[in-house]
Each structure stands twice: as structure tokens, then as C-alpha cells.
Amino acid sequence: MWIWLIFALALLTILAVKPKAIFVLLAVALVAGSGYYIWRQQQQKELANVSLAVSYDTAACPTDRPMLVTITNHSEKTLERTLFTLNATVPGYSSIVTPYSYKQNRSDKILQQGQKYSQCFPEPIMKTRDFSDFRPEDLEWSAIVDSVYFRKSP
């Protein structure tokens with residue numbers, strides 16, 4: 001809140017001293033805001049090009065890493081790294097029972113366009129509130145792609 005107040009006072013001071021300078025500041029703010037918007041749209045597009053499927057699978061994974069995660073690269077670029085978070089909900093409920101801040105998982109498997117890769121990960125820590133009756137295999141699992149890194153073109 002104080003930053004906005006200081007910013008507003010600075011703008012009013014500039015407006016009083018050099019009225020034409022306010023237009024330059026507004027133009028710079030417009031260009032910076034537009035650049036950020038374009039960058040953010042590109043980031044969202046890249047995240048959408050990577051899909052994750054997750055399941056609790058003790059048949060395919062060891063017991064200390066029961067989460068089977070399959071990463072698919074739908075991009076035309078080569079995927080170098082994926083950072084993601086595992087989430088679980090109780091069937092019939094929308095509350096996430098795995099705290100988001102717990103741990104971000106990563107895979108540095110290099111995937112070409114259209115390739116898939118499966119890897120086993122440890123089970124996230126569960127929130128203890130009201131969910132002690134549920135076994136991990138009974139929960140509905142999902143994953144959120146937090147960030148992706150693609151190979152730079154030469």
C-alpha cells in the first residue's frame with residue numbers, strides 16, 4: 001500500500017514540475033505492461049504444450065515412490081525440463097489435500113515432439129485434517145505444470 005502512495009506522490013510531483021514528462025512515463029508504462037502481457041501469454045502457451053497424467057500405482061512403481069507420472073510433449077520444440085506439483089482430492093470433494101507449498105517435482109528427461117515419458121515419484125505429504133480415513137490409492141490425483149524449459153533453437 002505504501003509503495004502505491006509513494007508512486008502516486010512521485011507522479012504528482014513530476015506532473016507539477018514537468019507536465020510533459022508524465023506522457024513519457026505513461027508511454028514507458030504502456031510499453032512495459034504490453035511486453036509483460038505478451039511474455040505471460042507465451043508462458044501460458046508453453047505450459048499448455050506439456051501434459052501430465054498421474055496415478056497412484058504400486059504395481060508399476062516401488063513403494064517408496066508410488067506416484068506414476070507420465071509427461072507428454074505436445075510442442076514442436078524439444079522439452080528439456082518440467083517442474084510440476086502433485087495434488088490429490090478426496091472423491092466427491094474439491095479441496096486439495098496435498099499442500100501446494102510442500103514440494104515441487106522435476107523431470108529433466110529430454111523429450112522430442114510427441115514423446116512420452118513415465119517416472120515414479122514419492123507420494124506428497126497429506127494434510128491431516130479430516131482425511132485420515134482415506135488411503136492414497138482412493139484419492140483422485142492430478143498434477144499442475146508449474147514451468148517448462150524448452151531447448152533453444154540454434
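The values are calculated or read from the model by the stated rules, or taken from the named source; none is laboratory data. For clarity, every value in this text was computed on a predicted model and none was experimentally measured. Cβ coordinates were reconstructed from backbone atoms using ideal geometry, including for glycine residues, and neighbour counts include every protein chain displayed.
Tabulated values for the structure
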| item | result |
| --- | --- |
| Near pairs, Cβ below 6 angstrom, 6+ apart or cross-chain, from region 107-125 (more than 9 Å from Asn73 (Cα to Cα) and in the same structural domain as Ala59 (by TED's automatic domain parsing)) to any residue that is in a strand (DSSP E or B) and among the small types (Gly, Ala, Ser) | Gln119/Ser107 |
| Subset of region 108-154 [part of a loop (DSSP other than H, G, I, E, B) and at pLDDT 85 or above] | Asp108, Lys109, Ile110, Gln112, Gln113, Gly114, Gln115, Pro122, Glu123, Leu139, Arg151 |
| Out of Ala53, Ala29, Ala10, sole residue that is of a type outside the set (Val, Ile, Thr) and surrounded by 13 or more Cβ atoms within 10 Å (Cβ to Cβ) | Ala53 |
| Extreme residue, modelled with the highest pLDDT, among residues of region 1-25 that are assigned to a loop (DSSP other than H, G, I, E, B) and over 39 Å from the mean Cα position of the chain (by Cα) | Lys18 |
| In region 29-69, the residues that are at pLDDT below 90 and among the hydroxyl-bearing types (Ser, Thr, Tyr) | Ser34, Tyr36, Tyr37 |
| The one condition in (1) over 14 Å from the mean Cα position of the chain (by Cα); (2) loosely packed, with under 11 Cβ neighbours inside 10 Å; (3) modelled with pLDDT under 90 that Ser101 fails to fulfil | (1) |
| Failed item in (1) in the same structural domain as Asp146 (by TED's automatic domain parsing); (2) over 19 Å from Gln119 (Cβ atoms), with Ala16 passing the rest | (1) |
| Filtered residue count, region 61-109, keeping only those that are polar (S, T, N, Q), out of contact with any strand residue (DSSP E or B) (no Cβ under 6 Å at 6 or more places or on another chain) and under 19 Å from Gln44 (Cβ atoms) | 1 |
| Subset of region 61-107 [of a type in the set (S, T, N, Q) and part of a strand (DSSP E or B)] | Thr70, Thr72, Asn73, Thr82, Thr85, Asn87, Thr89, Asn105, Ser107 |
| Unmet criterion (only one of (1) within 21 Å of Glu123 (Cα to Cα); (2) of a type outside the set (Ser, Thr, Tyr); (3) surrounded by 15 or more Cβ atoms within 10 Å (Cβ to Cβ)) for Asp64 | (3) |
